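The values are calculated or read from the model by the stated rules, or taken from the named source; none is laboratory data. Note that this is a predicted model, so its numbers are computed, not measured. Cβ placement follows ideal geometry from the backbone for every residue including glycine, while neighbour counts extend to all protein chains displayed. Heavy atoms of the whole protein, side chains included, go into the accessibility calculation; ligands, DNA and RNA do not. Shrake-Rupley method; radii C 1.70, N 1.55, O 1.52, S 1.80 Å.
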Amino acid sequence: MGKYIVLRLVQLLPVLLLASVAVWLMIYLIPGDPAIALLGPDVTPEQLARARERMGLDQPLPVQYALWLGRVVQGDLGVSYVGSVPVRTMLAQRIPVTLQLTVAALLVALAIAAPLGILAAVRPRSWAGRLVTVYNTLAMAIPTFWLGILLVLLFGLQLKWLPTSGFVPFWEDPGRAVRLLILPALTLGAYVSAVLARFTRAALLETISQDYVRTARAKGLRERSVIGVHALRNALIPVVTVVGLQFGAFMGGTVITEAIFDYPGLGRMLLQAILQRDYTVIQATMLFVVFTFVLINLLTDLLYAYLDPRIRYA
Amino acid sequence: MSVTAAQTPGASAVAADSRPSEPPANRGTFGRLRGQRAGMAGLTALLLLAVLALAAPIVAPRDPLAQDRADQFKAPSLANPFGTDEFGRDIFSRVVYGARLSLLTGAVAVLIAGLAGVPLGLLGGFFGGWVDALTMRVLDFLLAVPAILLAMVIIAILGPGSLNAMLAVGIVGVPAFARLTRASTLALKQRDFVLATRALGVGPFYLMFRTILPNAVNPILVQVAVTASVAMLLEAALSFLGLGTKPPDPSWGSMLNTGRSFLHQAPWYGLFPGIAITGTVLSLNVVADALQAALAGEGGTVNRTERGA
């Protein structure tokens, strides 16, 4: 296992390097002076001169990249020109907020997907099994932003059951935090729940046809334990990977979900930064997203290898 | 990233569900496609939408931009089937005109993605080498960034607007076409008929575009439907976020964005543009699944990228 981890870590380096080049290059793709792009339109000549020197704009591009990467590695992500706040501080504030939403959405997705997927695999021809197919088709076609509006209309404005905007840290007031999280988490989790349900169904269908499941049935076990103990456990291994891979869908979805529910997370920060052309913030957020994404992929692979030893030795 | 729904075992299984029984193989692709009721329904819906979009000036009862303060926030009625908005504009007329933008986005995005992606894949798969390796790494990276975020970053560079949104959404679609075409090219270039043509002494470009490409068309066709669906969804999402089509131009996404602020007074405002988007995307998805199933016998594989919104 140790050797496998090292191998995977080494494979990460080129991807991370490429990601950093892409994020860094963004500033240079914007028409005009990169220093002005970073500092905004109303900047004093002294500030501009200092920024130019800092970025090394008179040096060759590889040197400029190296300068930038050196600062990033030391944790210096620059300063937002809108709020004059270090971007690192902004990220540190927003990340836990979005994490809370993402975890809630993941729980919602799992809670919907597991029973649906199992039902669809065990009783594919029943009306319930068919309903699952309909749910999946719908949940994959309905845009996140419209689903959010529908939920606000129904549960927020019509039934008045749940609040439609706001945020409270979970550890401060768990009850209120949960009430505030239900609608956003449903909005963000719906699409992923459909993907996971499809996967659970497919994985379970495959394991059900395996010999050891037939053996379990043949020795007279009840259906419940054939499915629950024998089939489901092995079916869950590929599902674990899909959960990890859906992180990308979550990252994209948070931008929209946070916009609908006025949720003060990373997605809203990114959207505001794009609208205000606050490029240091855009750069830092994208860097964070890509790095987290790569890291989660790694963790998923490691978990997969841990659960299924065949991967490590392949 | 691209968890690609159709690469997953589940997707093909779901697609197979909608097939009532295995049609005889000699009915041809179109015959097999016609055998798929869901797919035909989706196709009919799309054709209807295209007719609506083309005939918008005839179909729409009112000018989509015409304001009338006296008509503000009228509930759906015979005169205004979808109600009116904050400026008293007819929402039905705006949804009909919005179809033009949405379909145009789908078409433009498919053109950009296909015209850039297919040649990239052909060249990479055919010649191989380090250029291919580098291109594929870059495309892998682009696939790894969530589609909506990639589109947002492109908008951050180009600036907001309808045209830039179409461009961004088209660029987001390039890697899927390239990967798909590359995979087909790799498989096809070893086949006997390609080797035979090569032995005749034709040049590499003839081989790529006249010998290999016509045989790699099936998966590309499915990808066209998938890309159009993702593109329309992404454009709506961008406009919803205020990064795409600007008001007052009618776009389904920006209508929902404005409607969101008036849900108290006018719940219908948040309803009808959403039905239009969901219906269109659903139709395209169903058509893509049906196409894939109909072409399955001919070695088609699909690479459906994660939808963006």
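For B:THR44, put the label point 7 Å out on the Cα→Cβ axis and report which residues of segment A:112-149 keep their amide N under 11 Å from it.
So the set is empty, nothing qualifies.
If you add up the charges near A:VAL239, with Lys and Arg at +1 and Asp and Glu at -1, over every other residue whose beta carbon is less than 15 angstrom from its beta carbon, what do you get? Provide the component values of the computation, followed by the final result.
On the way: positive: A:ARG198, A:ARG201, A:ARG233; negative: A:GLU206, A:ASP301, A:ASP308.
The answer is 0.
Over segment A:96-174, one equal point on each Cα, no solvent: what is log10 I(q)/I(0) by the Debye formula at q = 0.14, 0.21, 0.25 Å⁻¹?
Taking Cα atoms of segment A:96-174 as identical point scatterers yields -0.67, -1.11, -1.19.
In the protein assembly as shown, what is the volume of the convex hull around the alpha carbon atoms, normalised per residue and reported in Å³?
In the protein assembly as shown, the Cα convex hull volume per residue is 202 Å³.
How large is log10 of I(q)/I(0) for chain B at q = 0.07, 0.10, 0.13, 0.14 Å⁻¹ when the intensity is taken from the Debye formula with one equal scatterer per alpha-carbon?
-0.32, -0.62, -0.95, -1.06
May I ask you to list the lysines whose Cα is less than 26 Å away from that of B:LYS246, ignoring any residue fewer than eight positions away on the same chain?
In chain and number order, the partners are B:LYS74.
Of B:LEU195, B:PRO247, B:ALA293, which is farthest along the charge dipole of chain B in the positive direction, counting Lys and Arg as +1 and Asp and Glu as -1 at C-beta?
Highest projection toward the positive end goes to B:LEU195.
Out of the chymotrypsin sites (Phe, Trp or Tyr not before Pro) in segment A:100-174, which ones are loop residues according to DSSP with at most 11 other C-beta atoms within 10 Å? Mind showing how you got there, number by number?
Numbers: sites: A:TRP127, A:TYR135, A:PHE145, A:TRP146, A:PHE155, A:TRP161, A:PHE167, A:PHE170, A:TRP171; in loops: A:TRP161, A:PHE167, A:PHE170, A:TRP171.
Within segment A:100-174, the qualifying chymotrypsin sites (Phe, Trp or Tyr not before Pro) (loop, at most 11 other Cβ atoms within 10 Å) are A:TRP161, A:TRP171.
With charges only on Cβ, +1 for K and R and -1 for D and E, what is the dipole size of the protein assembly as shown about its Cα centre, in debye, rounded to 20? Numbers along the way, then the final one.
Working: 48 positive and 32 negative charges, 384 e Å.
With only Lys, Arg, Asp and Glu charged at Cβ, the dipole is about 1840 debye.
Anything losing 40 Å² or more of accessible area from the isolated chain to the full protein assembly: pick those residues out of segment A:142-162, probe 1.4 Å, ligands and DNA/RNA ignored.
The answer is A:PRO143, A:PHE145, A:TRP146, A:ILE149, A:LEU153, A:LEU157.
Angle, helix B:162-188 long axis vs. longest principal axis of chain B, Cα atoms, 0 to 90°, nearest 10?
With both axes taken from Cα atoms, the answer is about 20 degrees.
Calculate the translational D of segment A:91-307 in whole µm² s⁻¹ from Stokes-Einstein, where the hydrodynamic radius comes from the Kirkwood formula applied to all Cα pairs, the temperature is 37 °C and the viscosity 0.692 mPa s. Intermediate results must be reported in sequence, preceding the final value.
Working: Rh = 18.9 Å.
Result for D is 174 µm²/s.
Calculate the dipole size of segment A:2-73 relative to its Cα centre from +1 charges on Lys and Arg beta carbons and -1 charges on Asp and Glu beta carbons; express the result in debye to the nearest 20. Please report the intermediate quantities before stating the final value.
Numbers: 6 positive and 5 negative charges, 103 e Å.
That gives a dipole near 500 debye.
So for chain A, averaging the separation of alpha carbon pairs under 8 Å that are six or more residues apart and normalising by length, what relative contact order in percent results? Mind showing how you got there, number by number?
Values: 337 pairs, mean separation 75.3, N = 314.
Relative contact order here is 24 percent.
Helix B:129-144 sits at what angle to the longest principal axis of chain B, using alpha carbons and giving 0 to 90 degrees rounded to 10?
The angle comes out at about 30 degrees.
Given A:SER225, A:LEU119, A:TRP24, which one lies farthest toward the positive end of the charge dipole of chain A, if we put +1 on the Cβ of every Lys and Arg and -1 on the Cβ of every Asp and Glu?
Farthest towards the positive pole: A:SER225.
Could you check the spin-label model distance between A:LEU299 and B:LEU111? Points 7 Å from the Cα along Cα→Cβ, value in nm.
In this crude spin-label approximation the distance works out to 4.4 nm.
Based on Cβ point charges of +1 for Lys and Arg and -1 for Asp and Glu, what charge dipole magnitude is obtained for segment A:91-307 about its Cα centre, in debye rounded to the nearest 20? Walk me through the numbers on the way to the answer.
Working: 17 positive and 9 negative charges, 181 e Å.
Using Cβ point charges on Lys, Arg, Asp and Glu, segment A:91-307 gives about 880 debye.
Can you give the longest stretch of chain B with no exposed loop site, where a site means chymotrypsin sites (Phe, Trp or Tyr not before Pro) in a DSSP loop (not H, G, I, E or B) with at most 16 other C-beta atoms within 10 Å?
Working: sites that count: B:PHE73, B:PHE87.
Formally, the longest exposed-site-free interval is B:88-309.
Any idea what the relative contact order of chain B is, in percent, if you count C-alpha pairs under 8 Å spaced at least 6 apart?
Values: 499 pairs, mean separation 85.5, N = 309.
In percent, rounded to a whole number, it is 28.
Each residue of segment B:212-218 in turn: what ³J(HN,Hα) in whole Hz from Karplus with 6.51, -1.76, 1.60 and θ = phi - 60°, glycine and Pro shown as x?
The phi angles translate into 7, 4, x, 8, 9, 6, 4 Hz.
Evaluate 2.2 N^0.38 Å with N set to the residue count of segment A:2-73, then give the Cα radius of gyration divided by it. Don't skip to the end; give the middle numbers.
Details: Rg = 16.0 Å, N = 72, 2.2 N^0.38 = 11.2 Å.
Taking N as the residue count of segment A:2-73, the ratio is 1.43.
Gaussian network model of chain A, Cα springs within a sub-10 Å range: biggest mean-square fluctuation belongs to which of A:ALA202, A:ALA190, A:ALA216?
Maximum fluctuation in the GNM of chain A, among the listed residues, is at A:ALA216.
With label points built 7 Å along Cα→Cβ from the Cα atoms of B:LEU134 and A:ASP173, find their separation and express it in nm.
So the label points at B:LEU134 and A:ASP173 sit 5.7 nm apart.
Give a residue-ordered list of calculated ³J(HN,Hα) values for segment B:199-206 (Karplus: 6.51 cos²θ - 1.76 cosθ + 1.60, θ = phi - 60°; whole Hz; x for Gly, Pro).
Here the 3J(HN,Hα) series is 5, 5, x, 7, x, x, 6, 4 Hz.
With springs only between Cα atoms under 10 Å, which of B:ALA133, B:ALA70, B:ALA294 fluctuates most in a Gaussian network model of chain B?
Top of the fluctuation ranking is B:ALA70.
Length gain on complete extension for the stretch B:GLN190 to B:PHE87, per 0.36 nm per residue less the alpha carbon to alpha carbon distance?
On the way: separation 103, 0.36 × 103 = 37.08 nm, distance 6.26 nm.
Gain on stretching B:GLN190 to B:PHE87: 30.8 nm.
At q = 0.13, 0.16, 0.17, 0.21 Å⁻¹, what log₁₀ I(q)/I(0) does segment A:184-314 have when each alpha carbon counts as one equal point scatterer in the Debye sum?
So the normalised log intensities work out to -0.71, -0.90, -0.96, -1.18.
With a cut-off of 8 Å between alpha carbons and a minimum separation of six or more residues, what is the relative contact order of segment B:56-138 in percent? Don't skip to the answer; put the middle values down first.
On the way: 82 pairs, mean separation 17.6, N = 83.
So the answer I get is 21 percent.
Less than 12 Å Cβ to Cβ from B:LEU163, Lys/Arg counted +1 and Asp/Glu -1: what total charge do the surrounding residues give? Could you put the intermediate results ahead of the total?
Values: positive: B:LYS246; negative: B:GLU235, B:ASP249.
Here the count lands on -1.
Carbon-plus-sulfur fraction of the accessible area of segment A:204-270, 1.4 Å probe, in percent? Could the numbers behind the result be given before it?
Values: 1540 of 2850 Å².
Reported share for carbon and sulfur atoms: 54 percent.
Which residue, A:ASP262, A:ASP58, A:ASP278, has the most motion in a Gaussian network model of chain A that connects Cα atoms within less than 10 Å?
A:ASP58
Segment A:119-217: which trypsin sites (Lys or Arg not before Pro) are DSSP loop and have at most 15 other beta-carbon atoms within 10 angstrom? Don't skip to the end; give the middle numbers.
Working: sites: A:ARG125, A:ARG130, A:LYS160, A:ARG176, A:ARG179, A:ARG198, A:ARG201, A:ARG214, A:ARG217; in loops: A:ARG125, A:LYS160.
Here the sparse-neighbourhood loop sites are A:ARG125, A:LYS160.
When the chain is fully extended, how far beyond the present Cα-Cα distance does A:VAL85 get from A:ILE36, taking 0.36 nm per residue of separation? Show your work: numbers first, answer last.
Values: separation 49, 0.36 × 49 = 17.64 nm, distance 1.74 nm.
Full extension of this stretch gives 15.9 nm more.
With r as the distance between the Cβ atoms of B:ASN215 and A:LYS3 and R0 = 41 Å, compute the FRET efficiency 1/(1 + (r/R0)^6) and round to 0.05. Mind showing how you got there, number by number?
On the way: r = 43 Å, r/R0 = 1.04.
E between A:LYS3 and B:ASN215, to the nearest 0.05, is 0.45.
Please determine, in degrees from 0 to 90 and to the nearest 10, the orientation of helix B:272-295 with respect to the longest principal axis defined by the Cα atoms of chain B, where the helix direction is its Cα long axis.
Here the helix axis deviates by roughly 20 degrees.
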